[in-house]
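Colleague: Below is one structure. I have some questions about it.
The values are calculated or read from the model by the stated rules, or taken from the named source; none is laboratory data. All values derive from a computational prediction rather than experimental measurement. Using ideal geometry, Cβ is built from the backbone for each residue, glycine included, and neighbour counts are taken over all protein chains shown. Just so you know, the surface numbers come from the protein's heavy atoms only, side chains and all, with ligands and any DNA or RNA stripped out. Shrake-Rupley method; radii C 1.70, N 1.55, O 1.52, S 1.80 Å.
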Amino acid sequence: MTNTDKLGGRFTFPGTSLTVHRMGYGAMQLAGPHVWGPPRDPEAAAAVLREAIAIGIDHFDTSDAYGPHVTNQLIRATLHPYPKNVVIVSKLGGRRGADKSWLPALSPAELRSDLQDNLRHLGLDAIDVVNLRMMSMTPTEGPLDKELAVLIELKREGLVRHIGLSNVTARQVEQAQALTEIVCVQNHYNLAHRGDDALIDALAKQGIAYVPFFPLGGFTPLQSSTLSEVANELGATPMQVALAWLLHRAPNILLIPGTSSVAHLRENVAAASLVLPAKSLAALDAIAR
């Protein structure tokens with residue numbers, strides 16, 4: 001079995017020629033502490049990116065807010081010119097304050113400037129997929145037509161190839177789809193945080209990707225006695241089981257777990273070949289009930 005056979009199968013973004021393995025990589029942790037400044041060990045960070053390519057990962061999720069700028073600059077320095085099969089997904093809508101805070105940046109001028117920063121720092125003429133990221137703490141109902149209109153213009157100009165959404169409600173997804181084709185949704189979802197169950201199923205019927213951020217709990221890692229028990233039974237780590245559960249959850253789920261460690265990257269990737277028996281799935285499904 002080759003490395004690429006172990007990456008969770010393949011998925012094609014709807015209406016596109018972009019096909020990726022379902023196990024990808026999220027670049028947030030390549031920046032320094034609190035996603036600010038350069039990494040503690042730049043060579044180790046670069047090694048993670050090189051290893052990701054070597055083991056067949058072809059879906060890289062990033063943002064120019066990471067660092068800020070640091071992560072995209074590191075991706076370019078390490079991987080450019082990019083292999084033809086690599087799909088890079090970024091997001092617009094947020095910026096970093098001098099106090100390391102995360103702030104909305106959703107005006108037309110800010111969105112355009114952010115895109116230009118992404119293009120410059122990644123060394124690209126166009127970005128494969130750009131997610132419009134709404135910056136409330138949790139998805140909050142409200143119109144997004146003005147912000148989305150900017151991305152539609154950028155797509156028309158050839159700077160954005162395809163459009164996605166992040167941190168949005170199901171209603172906002174429907175509103176956006178009335179204006180343009182949406183190829184993916186990136187929201188907070190994991191084994192214990194299951195608020196998007198209905199949205200995931202609705203998107204699966206349409207063949208639209210769902211990309212959970214914080215798939216392992218984010219800054220507060222998942223903790224569950226049931227998760228630990230299943231992991232022990234399967235000879236895996238709890239985090240591997242949590243990732244495998246997401247791949248089992250729906251065929252349109254794409255994973256982008258982040259790490260700054262080659263060893264941890266390999267551990268995450270191994271989850272793509274982990275088989276969860278029906279008994280284990282039932283126990284895991286019950287965690288959020």
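Colleague: Each residue of region 80-93 in order: what ³J(HN,Hα) in whole Hz does its phi give by Karplus 6.51 cos²θ - 1.76 cosθ + 1.60, θ = phi - 60°, with x for Gly and Pro?
Modeller: Per-residue couplings from phi come out as 6, x, 6, x, 4, 7, 6, 10, 10, 10, 10, 9, 10, x Hz.
Colleague: Can you give the Kirkwood hydrodynamic radius of region 1-133 from its Cα pairs, in Å with one decimal?
Modeller: Numbers: mean 1/r = 0.0651 Å⁻¹.
The Cα-based Kirkwood calculation yields 15.4 Å.
Colleague: Carbon-plus-sulfur fraction of the accessible area of the chain, 1.4 Å probe, in percent? Kindly include the intermediate steps, with their values, before the conclusion.
Modeller: Details: 6830 of 12630 Å².
That share works out to 54 percent.
Colleague: Then there is this: Take the chain, connect every pair of alpha-carbon atoms lying under 10 Å apart with a spring to form a Gaussian network, then pick out the residue of Ser228, Ser63, Ser101 with the largest mean-square fluctuation.
Modeller: Looking only at Ser228, Ser63, Ser101, the biggest GNM fluctuation is shown by Ser101.
Colleague: While we're here: Which sequence of Met23, Met28 reflects their accessible areas, 1.4 Å probe, from the largest down? Could the numbers behind the result be given before it?
Modeller: Details: Met23 0, Met28 50 Å².
Ranked from most to least accessible, the order is Met28, Met23.
Colleague: Then there is this: Check which residues have an amide H placed less than 5 Å from His188's amide H, if you skip close sequence neighbours.
Modeller: Residues meeting the criterion, in which the H sits 1.01 Å from N, are Asn167, Phe213.
Colleague: If you don't mind, another one. Mind giving me the nanometre distance, one decimal, between the label points for Ala278 and Thr12, set 7 Å out from Cα along Cα→Cβ?
Modeller: With each label point 7 Å from Cα toward Cβ, the separation is 3.3 nm.
Colleague: Just reorder Phe13, Phe213 by solvent-accessible area, largest first, 1.4 Å probe, all chains present. Could the numbers behind the result be given before it?
Modeller: On the way: Phe13 5, Phe213 35 Å².
These residues rank, largest area first, as Phe213, Phe13.
Colleague: Can you list residues whose amide H is under 5 Å from Val160's amide H, if they're 5+ apart or on another chain and H is modeled 1.01 Å from N?
Modeller: Ile127, Lys155
Colleague: Under 12 Å from the Cβ of Pro251, count the other residues' Cβ atoms, weight Lys and Arg +1, Asp and Glu -1, and hand me the total. If you can, show how the numbers build up before the last one.
Modeller: On the way: positive: Arg10, Arg22, Lys205, Arg249; negative: Asp201.
Its environment carries a net charge of +3.
Colleague: Check Gly94: other-chain or 5+ apart residues with amide H under 5 Å from its amide H, H built from backbone geometry?
Modeller: Placed amide hydrogens put Ala105 under 5 Å from Gly94.
Colleague: May I pose another question? Who wins for biggest fluctuation among Asp61, Asp117, Asp197 in a Gaussian network model of the chain, springs between alpha carbons below 10 Å?
Modeller: Asp197
Colleague: Got a sec to turn the phi values of region 12-28 into Karplus ³J(HN,Hα) couplings, 6.51 cos²θ - 1.76 cosθ + 1.60 with θ = phi - 60°, whole Hz, x for Gly and Pro?
Modeller: These are the phi-based 3J(HN,Hα) values: 10, 4, x, x, 10, 9, 8, 10, 9, 6, 6, 9, x, 9, x, 8, 3 Hz.
Colleague: Right, another one. Considering only Cα-Cα distances, which of the following residue pairs are longer than 27 Å: Lys91/Lys146; Lys84/Lys205; Lys84/Lys146; Lys155/Lys205; Lys91/Lys205; Lys100/Lys155? Please list the in-between numbers first.
Modeller: On the way: Lys91/Lys146 16 Å; Lys84/Lys205 29 Å; Lys84/Lys146 33 Å; Lys155/Lys205 25 Å; Lys91/Lys205 24 Å; Lys100/Lys155 30 Å.
As for pairs spanning more than 27 Å Cα to Cα, those are Lys84/Lys205; Lys84/Lys146; Lys100/Lys155.
Colleague: Have a look at Ser166, Ser17, Ser261 and tell me which one the Gaussian network model of the chain (Cα, springs below 10 Å) gives the largest fluctuation.
Modeller: Checking each option, the largest mean-square fluctuation is seen for Ser17.
Colleague: Something else now. Tell me, in nm to one decimal, what length is gained between Ala126 and Ala202 on full extension, where the rule is 0.36 nm per residue of separation less the Cα-Cα distance? All intermediate terms of the calculation are to be shown ahead of the outcome.
Modeller: Numbers: separation 76, 0.36 × 76 = 27.36 nm, distance 2.93 nm.
Length gained between Ala126 and Ala202: 24.4 nm.
Colleague: Something else about it: Quick one: ranking Lys155, Lys91 by accessible area, 1.4 Å probe, largest first, what do you get? Numbers along the way, then the final one.
Modeller: Numbers: Lys155 70, Lys91 20 Å².
Sorted descending by solvent-accessible area, the residues read Lys155, Lys91.
Colleague: Is region 75-200 best put as rounded, prolate or oblate by its Cα gyration tensor, with a ≥ b ≥ c the root eigenvalues, rounded for a/c under 1.5, and otherwise prolate when a/b is larger than b/c, oblate when not? Walk me through the numbers on the way to the answer.
Modeller: Working: a/c = 1.40, a/b = 1.39, b/c = 1.00.
Judged from the Cα gyration tensor, region 75-200 comes out rounded (a/c under 1.5).
Colleague: Let me ask something else about it. Find the centroid of the Cα atoms in region 114-153 and in region 162-236, then give the distance between the two in whole Å.
Modeller: Measuring centre to centre over Cα atoms gives 19 Å.
Colleague: Taking N as the number of residues in region 133-289, what value does Rg over Cα atoms divided by 2.2 N^0.38 Å take?
Modeller: Working: Rg = 17.1 Å, N = 157, 2.2 N^0.38 = 15.0 Å.
For region 133-289, the normalised Cα radius of gyration comes out at 1.14.
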